[in-house]
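*Asks:* Sharing a structure with you now.
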Amino acid sequence: DVKVTQSSRYLVKRTGEKVFLECVQDMDHENMFWYRQDPGLGLRLIYFSYDVKMKEKGDIPEGYSVSREKKERFSLILESASTNQTSMYLCASTPPLAGGPIYNEQFFGPGTRLTVL
Amino acid sequence: GNSVTQMEGPVTLSEEAFLTINCTYTATGYPSLFWYVQYPGEGLQLLLKATKADDKGSNKGFEATYRKETTSFHLEKGSVQVSDSAVYFCALSDRASGTYKYIFGTGTRLKVLA
């Protein structure tokens, strides 16, 4: 079974702190994604990566950065946490497929609920 | 641009009732369509998918048919159980967009009462 793990289930940080959220997948997937989930807004894509050291902005990248130094690990960084970044953060991965992974299911981690005080 | 619209919840049903959760989409190309489910305290998991018009995805008693003419992918189940209580997300992925992005709806919370 594919497993996507996230470093913390719950995290509490203070405004201005630098925050690292880690995601690891164990199935050699090329593509990895970071979303935030907010009530009434569904999932919104922050960043995604289709290869090591490659990254692309999603729909709401402001205030975030990412790092993909190894294929299995995709990190989300909040450079200076703010209260409006309080949210549930979900990581996902997909395997490659000829023509792109767009027909594949996304495998999700359990999420990290981040509270910024 | 691409988008997914699904009915707002919460939807509250009695056990063994019939379920429909509406989902419509807009897409520039020929999208694949998905339903994901999120149980309390967990991440999302794929429930079913359909990759072309008239395909029917099915799993665990849930079904959805890809209707290109009405740009819809409504989720149905004939007899819900308490264990189906969860949040359901409709999603699409469109090859024509040229990226690996998925678009998710806002989610519909289902509560099934015993």
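The values are calculated or read from the model by the stated rules, or taken from the named source; none is laboratory data. These numbers were taken from a predicted model, which means no experiment stands behind them. Here the Cβ is made from the backbone with ideal geometry for all residues, glycine too, and neighbour counts use every protein chain on show.
*Asks:* Does region B:60-70 hold any residues that are under 17 Å from residue B:89 (Cβ atoms) and not acidic (Asp, Glu), and which are they?
*Replies:* Residues satisfying the conditions are B:60, B:62, B:64, B:66.
*Asks:* So, in region B:76-101, how many residues would count as being facing chain A (nearest Cβ under 9 Å), assigned to a loop (DSSP other than H, G, I, E, B) and either at pLDDT 95 or above or within 16 Å of residue B:5 (Cα to Cα) (or both)?
*Replies:* Count: 1.
*Asks:* Which count do you get for residues in region B:48-72 that are surrounded by 13 or more Cβ atoms within 10 Å (Cβ to Cβ) and outside any loop (DSSP other than H, G, I, E, B)?
*Replies:* Qualifying residue count, region B:48-72: 12.
*Asks:* List the number of the failed condition for residue A:9; all other conditions in (1) at the interface with another protein chain (Cβ under 9 Å from one of its Cβ atoms); (2) closer than 29 Å to residue B:2 by Cα hold.
*Replies:* Residue A:9 satisfies every listed condition except (2).
*Asks:* Also, I was wondering about something else. Against the condition under 15 Å from the mean Cα position of the chain (by Cα) and more than 15 Å from residue A:91 (Cα to Cα), how does residue A:38 come out, does it pass?
*Replies:* So residue A:38 fails the test.
*Asks:* Mind listing whichever residues of region B:58-70 are in contact with a Phe, Trp or Tyr (Cβ under 9 Å, 6 or more places away or on another chain), modelled with pLDDT of 95 or more and of a type outside the set (Phe, Trp, Tyr)?
*Replies:* Residues satisfying the conditions are B:59, B:64, B:65, B:67.
*Asks:* Now for a different question. For residue B:12, work out the one condition from (1) over 11 Å from the mean Cα position of the chain (by Cα); (2) closer than 24 Å to residue A:35 by Cα; (3) more than 13 Å from chain A (Cβ to nearest Cβ) it doesn't fulfil.
*Replies:* All conditions are met except number (2).
*Asks:* In this structure, does residue B:106 turn out to be touching a residue at least 12 places away in the same chain (Cβ under 8 Å), assigned to a loop (DSSP other than H, G, I, E, B) and crowded, with 17+ Cβ neighbours inside 10 Å?
*Replies:* yes
*Asks:* Restricting to region A:22-60, count the residues that are assigned to a strand (DSSP E or B), more than 10 Å from chain B (Cβ to nearest Cβ) and charged (D, E, K, R).
*Replies:* 3
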